[in-house]
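Have a look at the structure below before the remarks.
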Amino acid sequence: MELLINIPWADIFEATLDTLIMLAVSATFTLILGLPLGILLFLTGKRQLLEQPKFYGALSFIVNILRSVPFIILLIVMMPLTEIVVGSSLGVVGAIPPLVVGATPFFARLVETALREVDRGIIEATQAMGASMRQIVTGALIPEALPGIIAGMTVTAIALVSYTAMSGVIGGGGLGDLAVRYGYQRFQDDVMVITVVLLVVLVQILQMFGDRLVLRFSHR
Amino acid sequence: MPAILELRDVSKNYRVDQCDIPALDHIDLEVISGEVFGIIGHSGAGKSTLIRLINLLEHPTKGAILIDGQDITRLDKNELRVLRRKIGMIFQHFNLLSSKTVAQNIAFPLRIAGHYNEDEIKKRVGELIDRVGLIEHTDKYPAQLSGGQKQRVGIARALATQPRILLCDEATSALDPQTTQSVLNLLNEINIDLKLTIVLITHEMNVIRMLCDRVAVLDQGKIVELGEVSNVFLHPQHPTSRRFVYESEDIDEEMLHAAFSHLESRLIRLTFRGNRTYEPILGNIMRAYHVDFSILSGRIDRIKNMPYGQLILGLQGDSVDDALAHFRQQGLTVEELR
């Protein structure tokens, strides 16, 4: 029982809050940037409405590069850029740009895949109605791919949770950082277990919430 | 009657691996306002490409496509979108949006057109749902409907913007025979009530027989026969047309010829059209000329609303020629097979 006496509840609370803030803000920006990027990838892809082999190739290459850089490296490499964008390369604020840059290409690929699942016949029918490109995207493609996009966002949000754990390197804080600092560096296993449990609960909630939304929008 | 649609010397090639594969080869055709025009062909004959040229989902490599005398291949993007609202289209696999209800699917083309207010949309959608008989399914999603119901939604959606032409892309090929019949009846009703021109493609001669006024037979990218359905159906000239007719009628010509080869009598094919089909012409004339006859094979049915009968007869007697002349005089078609 002695173990539980030294639990830094205030730190845990703060770390939970930090994780949630990093998650919410970075997920929001990932959605805002990744959705259009995914749509662009889809539309310029092979045999699609705005087929542009060279453009698609270049964009795809950049996305692949960003996806292959380990997040911990991205975190450090991006420091100068982060400083310019948000005024600091440290703490929760400093963690957000690398989180967004790390997750956006990942999410964009998932969006592209979800859009490819849309029946070509539906796109053709919408074209035949005299729809503009924008109407095809907003009226047909996104609503039809919505369950897939939501599922992609869920996977991305969960990936972001694990990315936030690494942000401790730049003093980003959060539950993952706490687990490393107390559990690994100070051998306080109980703190580590609590933070890990909290992370598991967070991931479970995200997955459940995502699954519910997918079901809500799926009428196939 | 004026032509609403004209294809003039239209060709379409697909580029595959630096080679031009011709899909359509010098197509000329005219569709008259208010008619049901059918295009029949086997898969790969080019019919799917042909129907997609009419709303420019595919662009011709060469040639002009005229709607109301205007060459649509020269339209810019915006003009083309406006034109497409005047051409409805239904599809083999319905292509409804799974994320929208029946009512939302039907409202979709109206929202795309952009110049209808909510009240107008609601009213129009109500009318259309009523016309296709789906009132109790208004708020269902396509996944909850049967194939026939889905196609009815497709038809309502295609009619939403009051098109001048309706394109049907194998609209009944995914449906069972009974549902096919009810969808064809609905299309026929629409053709008559709205005086809507219908262009359809199919590989089933029965669809042509039940719904179309004229038909073009497409084979390897070329129109090999074109005419009134009754003519093509009763007297197909091209081997491909003949194959379509005989397939649908379950006639095996070679087998028939073999079966009749030992008969001594003269063989003729007699074709009745219209109400004459129901008159006792055959018996009367045969009796009058003392000709003995045996009916070797035959079919009696309707082409759209016209009854027809076509019999292969074996004839014996001294005045067979006089009898045949009398048949011709009565307006029947007589073909001597042997």
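Here, each number is a calculation from the coordinates, and none is a lab measurement. Just so it is clear, the structure is predicted and the values come from calculations on it, not from any experiment. Every residue, glycine among them, receives a Cβ derived from its backbone with ideal geometry; neighbour counts consider all protein chains shown.
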| note | Which of A:Ala125, A:Ala114, A:Ala24 fluctuates most in a GNM of chain A (C-alpha springs under 10 Å)? That residue is A:Ala125
| query | Using the alpha-carbon atoms, what tilt in degrees (0 to 90, nearest 10) does helix B:147-159 show relative to the longest principal axis of chain B? | reply | 70
| Applying the Karplus parametrisation 6.51 cos²θ - 1.76 cosθ + 1.60 with θ = phi - 60° to the phi angles of the range B:319-327, what ³J(HN,Hα) value in whole Hz is obtained for each residue in order, glycine and proline being reported as x? | 10, 4, 4, 5, 4, 4, 4, 5, 4
| task | First obtain the Kirkwood hydrodynamic radius of the protein assembly as shown from its Cα pairs, then insert it into the Stokes-Einstein equation at 37 °C and 0.692 mPa s, and state the resulting D in µm² per second as a whole number. | result | 115
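Using the structure shown, select from A:Lys54/B:Lys77; A:Lys46/B:Lys12; B:Lys140/B:Lys304 the pairs with a Cα to Cα distance greater than 28 angstrom.
Numbers: A:Lys54/B:Lys77 24 Å; A:Lys46/B:Lys12 21 Å; B:Lys140/B:Lys304 34 Å.
Too far apart for the 28 Å limit: B:Lys140/B:Lys304.
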| message | With θ taken as phi - 60° and the coefficients 6.51, -1.76 and 1.60, list the Karplus ³J(HN,Hα) couplings across the range B:270-284 in order, rounded to whole Hz; mark glycine and proline as x. | response | 10, 10, 9, 9, x, 5, 4, 3, 8, 8, x, 4, 4, x, 4
| remark: Mean projected area, convex hull of alpha-carbon positions in the range B:1-119, reported to one decimal in nm², is 10.0
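Compute the Rg/Rh shape ratio of the range A:1-88: radius of gyration over Kirkwood radius, all on alpha-carbon atoms.
1.20
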| What whole number of Å gives the distance from the Cα centroid of the range B:1-60 to the Cα centroid of the range B:294-309? | 32
| Against the longest principal axis of chain B, how steep is helix B:118-131, in degrees 0 to 90 to the nearest 10, with axes from Cα atoms? | 20
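Can you show me the helix-derived [θ] at 222 nm for chain B, built from DSSP H runs with n ≥ 4 at -39,500 (n - 2.57) apiece and divided by the number of residues, rounded to the nearest 500. Walk me through the numbers on the way to the answer.
Numbers: 12 runs with 122 residues, N = 338.
Calculated mean residue ellipticity at 222 nm is -10500 deg cm²/dmol.
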| request: Output the Cα-based Rg and Dmax of the range B:3-247 in Å, rounding Rg to one decimal and Dmax to a whole number. | output: 18.0, 54
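Find the Cα radius of gyration of the range B:260-336, compare it with 2.2 N^0.38 Å by division, and give the number to two decimals. Before the final figure, lay out the partial values.
On the way: Rg = 12.2 Å, N = 77, 2.2 N^0.38 = 11.5 Å.
Relative to the rule-of-thumb radius for its length, the range B:260-336 sits at 1.07.
What does the charge add up to near B:Arg269, with Lys and Arg as +1, Asp and Glu as -1, over the other residues with Cβ less than 14 Å from its Cβ? Walk me through the numbers before you get to the answer.
On the way: positive: B:Arg242, B:Arg266, B:Arg273, B:Arg299, B:Arg328, B:Arg338; negative: B:Glu249, B:Glu253, B:Glu335, B:Glu336.
Combined, the nearby Lys, Arg, Asp and Glu give +2.
Sorted from fewest to most neighbouring beta carbons within 10 Å, what does the list A:Val25, A:Val77 look like?
Values: A:Val25 16, A:Val77 13.
So the ranking, lowest neighbour count to highest, is A:Val77, A:Val25.
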| remark: chain A -> Rg/Rh from Cα coords, Kirkwood Rh, value 1.07
| task | Find the centroid of the Cα atoms in the range A:131-145 and in the range B:72-150, then give the distance between the two in whole Å. | result | 14
| Only Lys, Arg (+1) and Asp, Glu (-1) charged, at Cβ; chain A dipole about Cα centre in debye | 860
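Hey, fewest Cβ within 10 Å first, where do B:Tyr14, B:Tyr141 land in order?
On the way: B:Tyr14 13, B:Tyr141 19.
Listed from fewest to most nearby Cβ atoms, that is B:Tyr14, B:Tyr141.
Given contacts defined as C-alpha pairs under 8 Å and at least six residues apart, what's the relative contact order of the range B:1-148, whole-number percent?
20
Apply the membrane-span-like helix rule to chain A: whole DSSP H runs, Cα extent along the own long axis of at least 15 Å, mean Kyte-Doolittle hydropathy at least 1.0. List the helices found.
On the way: long enough: A:9-44 (51 Å, 1.66); A:53-68 (22 Å, 0.71); A:91-116 (38 Å, 1.15); A:142-166 (35 Å, 1.40); A:189-217 (42 Å, 1.63).
Helix filter hits for chain A: A:9-44, A:91-116, A:142-166, A:189-217.
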| field | Taking B:Val16, B:Val102, B:Val320, A:Val200 and counting other C-beta atoms within 10 Å, the order from fewest to most | value | B:Val16, A:Val200, B:Val320, B:Val102
| query | When chain A is treated as a GNM, springs tying every alpha-carbon pair under 10 Å, which of A:Gly45, A:Gly171, A:Gly121 comes out with the largest mean-square fluctuation? | reply | A:Gly121
| What does a probe at A:Ser218 reach in the range A:143-183, counting residues whose amide N is under 14 Å from the point 7 Å along Cα→Cβ? | A:145-155
| query | Of the residues B:Ile51, B:Ile21, B:Ile268, which exhibits the maximal mean-square fluctuation in a Gaussian network model of chain B defined by a 10 Å Cα contact cut-off? | reply | B:Ile21
| remark: Calculated from DSSP helices alone, with each H run of at least 4 adding -39500 (n - 2.57) and the total divided by the residues of chain A, [θ]222 nm to the nearest 500 comes to -25000 deg cm²/dmol
